[in-house]
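Here the structure is laid out as structure tokens; the discussion comes afterwards.
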């Protein structure tokens, strides 16, 4: 018997949208509490996503949890805001400025902490997520692999090196996933990458980082 599907939406879906002539939108701007109540008007919606610093912060994290619970909903995600201001214009984790990269990591860690305090967010141990756990991890390894290769060597997913040696998207996807899996974070990973040379083939790079 198939399980019933559950649906979630970011609560900002229910807010006034920015317009090119009126950046604040033509509609009424709602508070977080009003947005949560607006979400209850959608039949079948059981979960909501909130954005760190927009809807939840250190001062109101308990209050937001109660309001969402009282509305009969659960929190499915706390998204870090690493896009909605000018400082993120040239990237966050992959920005050239090391201070911007540090700020991005800080924002993500804050949202992770707020998410843990919600107590109702699914994690990888949840039975419902078990069938797709590997896909989640593969995506994380892929993103990390591209980021470290681009930052340290200029050999990211869209680099000339990648286009020349990994002509198809599936090949590139698999290469950066494996690099992300094999390269350790921090100094150890930096040392692994220093052994690489653009003259190497993808197979040689994988062999070098895997040893």
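Values quoted throughout were computed directly from the atomic coordinates according to the rules given, and no laboratory measurement underlies them. What you are looking at is a predicted structure, and each value in this text was computed from that prediction instead of being measured. Don't worry about glycine lacking a Cβ; one is built from the backbone with ideal geometry, like all the others, and counts go over all protein chains shown.
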Task: Sequence of 169, 20 once ranked by neighbouring C-beta atoms within 10 Å, starting from the fewest - done: 20, 169
Open item on the list: Between residue 103 and residue 197, what is 0.36 nm times their sequence separation minus the Cα-Cα distance? Round to one decimal in nm.
Closed with: 30.8 nm
Task: Simple spin-label estimate for residue 21 and residue 88 in nanometres, 7 Å along Cα-Cβ - done: 2.9
Open item on the list: On C-alpha positions alone, give me the angle between the axis of helix 61-70 and the longest principal axis of the chain, in degrees, nearest 10.
Closed with: 60
TODO: Compute the Kirkwood hydrodynamic radius of the stretch 24-69, taking the inverse of the mean of 1/r over all pairs of distinct Cα atoms, and give it in Å to one decimal.
DONE: 11.7
Task: On Cα atoms only, tilt of 133-153 relative to the major axis of the chain in degrees - done: 60
Open item on the list: Using only the alpha-carbon atoms, how far is helix 169-182 inclined from the longest principal axis of the chain? Give it as 0 to 90 degrees, nearest 10.
Closed with: 90
Task: Distance between the stretch 1-48 and the stretch 130-198 - C-alpha centres, whole angstrom - done: 35
TODO: Quick one: work out Rg over Rh on the C-alpha atoms of the stretch 125-211, Rh as Kirkwood radius.
DONE: 1.01
TODO: With a cut-off of 20 Å, note down the residues of the stretch 1-31 whose backbone N falls inside the zone around a label point 7 Å from the Cα of residue 41 toward its beta carbon.
DONE: 7-19, 24-31
- [ ] Determine the shape class of the stretch 1-41: with a ≥ b ≥ c the square roots of the Cα gyration tensor eigenvalues, call it rounded for a/c under 1.5, and otherwise prolate if a/b is greater than b/c, oblate otherwise.
- [x] prolate
Task: Relative compactness, the chain, computed as alpha-carbon Rg over 2.2 N^0.38 Å - done: 1.23
Open item on the list: Can you give the FRET efficiency to the nearest 0.05 for residue 136 and residue 6, using r as the Cβ-Cβ distance and R₀ = 22 Å?
Closed with: 0.80
Open item on the list: Just want to confirm a number: the relative contact order over the chain, from Cα pairs under 8 angstrom separated by 6+ residues, in percent.
Closed with: 13
Task: Neighbour-count order for 50, 108, fewest beta carbons within 10 angstrom listed first - done: 108, 50
Task: Helix-only [θ]222 nm of the chain, DSSP H runs n ≥ 4, -39500 (n - 2.57) each, per residue, nearest 500 - done: -14500 deg cm²/dmol
Open item on the list: Translational diffusion coefficient of the stretch 7-121 at 37 °C, 0.692 mPa s, Stokes-Einstein with Kirkwood Rh over Cα pairs, in µm²/s as a whole number.
Closed with: 217
Open item on the list: Give me 116, 110 sorted ascending by neighbouring Cβ count inside 10 Å, so fewest comes first.
Closed with: 116, 110
- [ ] Run the quick spin-label model on residue 77 and residue 190: label points 7 Å from Cα toward the beta carbon, then report their separation in nm to one decimal.
- [x] 3.2
